[in-house]
1. Of the residues Leu64, Leu141, which is at pLDDT 90 or above, under 18 Å from Ser197 (Cα atoms) and over 15 Å from the mean Cα position of the chain (by Cα)?
2. Test of understanding: among Val40, Val35, which residue is under 22 Å from Leu171 (Cβ atoms), over 20 Å from the mean Cα position of the chain (by Cα) and crowded, with 21+ Cβ neighbours inside 10 Å?
3. Has segment 148-166 got at least one residue that is closer than 28 Å to Ala36 by Cβ and not hydrophobic (A, V, I, L, M, F, W, C)?
4. Kindly list the number of the only condition in (1) within 30 Å of Trp227 (Cα to Cα); (2) within 18 Å of the chain's Cα centre (by Cα) that fails for Trp47.
5. Return the residues of segment 237-254 that are modelled with pLDDT under 65 and surrounded by 11 or more Cβ atoms within 10 Å (Cβ to Cβ); say none if nothing qualifies.
6. Run down Gly189, Gly212 and say which single residue is under 18 Å from the mean Cα position of the chain (by Cα), touching a residue at least 12 places away in the same chain (Cβ under 8 Å), surrounded by 15 or more Cβ atoms within 10 Å (Cβ to Cβ) and within 19 Å of Leu97 (Cβ to Cβ).
7. If you scan segment 60-86, which residues turn out to be in a helix (DSSP H, G or I) and not basic (Lys, Arg)?
Amino acid sequence: MSRERIGFALLLGAVAILGAAITPGLAARLAPDAVAVASVQSLGLEWFLAFLALSGAAFWDEPLKQRLGLGPGRLTLSSTVWLVAGGLALSFALDGLAWHSGLRPQSNLAKFDTLLADASQLGIFWALLGIGIAPGIGEELLCRGLLQRGIERRWGPGWAILLASLSFGALHGESVHAGFAALLGLYLGSIAVLAGSIRPAILCHVVNNLLGVVSATRFPTGQPPLWAVLLALAAAIFSLWIVHRRHLGLQKSSVLVDP
């Protein structure tokens, strides 16, 4: 590896650390309430994760875009829509399971709801950035981009999806939130493998988080009925299955037309 490449990787790592270091000061200056403080701090964390992923990828002898899977991938627009819808259904189902298991009220999920319910307009703006958009970029670059794609090269997609999902869960700290995040990570990892790109996973993650913020601030809800939870879980599985079937069909068509 050239000195220039090493220097570039180290520079990206320094940018990651710098962003995390200045976040507390920015939160104190820019944040008008507790929601904004938490959101700006989240921005700092996701900045750190994103540039950490970029720094790690820079040590490989291939372009960052290729190493992290940031290319367009092989899925059609309709397949991507199916997967985003399935991700929303799975998120709803997992949240419902947390309610029905009795674990949700003691988790960070309930604390986020309480925090967001009292947010100011400026606080909601910061929440949309720091909790809605930023995690879908930073966490996906690290977990599905750097970690999963790196592990896949050595041990195959199965272990890659599993280990990246466990890492994704660990980033969420508190055990209940971490457990359900890891389950969602299995879905995000699967669609990244299907697509050959992390773009659909980023989109799915961002849309899910944005709707979560809007729901908590504008349309707070309680425990959903069990039938709705099970229906949403089935919808998520169906979405993943139908895109998988489409992908297999495209592969077979490609084989048939190749000379």
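The values are calculated or read from the model by the stated rules, or taken from the named source; none is laboratory data. Because the structure is predicted, anything quoted here is derived from the model rather than measured. Neighbour counts run over all protein chains shown; Cβ positions are idealised from the backbone, glycine included.
1. Values: Leu141 fails: over 15 Å from the mean Cα position of the chain (by Cα).
None of the others qualify; the one that does is Leu64.
2. Values: Val40 fails: over 20 Å from the mean Cα position of the chain (by Cα).
The match here is Val35.
3. The first filter runs over segment 148-166 and keeps only residues closer than 28 Å to Ala36 by Cβ, leaving none.
Checked against the condition, which is being closer than 28 Å to Ala36 by Cβ and not hydrophobic (A, V, I, L, M, F, W, C), segment 148-166 yields no hits at all.
4. Checking Trp47 against (1) within 30 Å of Trp227 (Cα to Cα); (2) within 18 Å of the chain's Cα centre (by Cα), the one that fails is (1).
5. Looking only at segment 237-254, we keep the residues that are modelled with pLDDT under 65, and these are 249-254.
Of everything in segment 237-254, those that are modelled with pLDDT under 65 and surrounded by 11 or more Cβ atoms within 10 Å (Cβ to Cβ) turn out to be Leu250, Gln251.
6. Details: Gly189 fails: within 19 Å of Leu97 (Cβ to Cβ).
Checking each option against the conditions leaves just Gly212.
7. Looking only at segment 60-86, we keep the residues that are in a helix (DSSP H, G or I), and these are 64-67, 77-86.
Within segment 60-86, Leu64, Gln66, Leu77, Ser78, Ser79, Thr80, Val81, Trp82, Leu83, Val84, Ala85, Gly86 meet the criteria.
Condition check ((1) under 13 Å from the mean Cα position of the chain (by Cα); (2) free of Cβ contacts under 8 Å to residues at least 12 places away in the same chain; (3) at negative phi) across all residues:
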site: Pro135; (1), (2), (3): yes, no, yes
site: Arg149; (1), (2), (3): no, no, yes
site: Arg153; (1), (2), (3): no, yes, yes
site: Pro157; (1), (2), (3): no, no, yes
site: Leu171; (1), (2), (3): yes, no, yes
site: Glu174; (1), (2), (3): no, no, yes
site: Leu184; (1), (2), (3): yes, no, yes
site: Pro200; (1), (2), (3): yes, no, yes
site: Cys204; (1), (2), (3): yes, no, yes
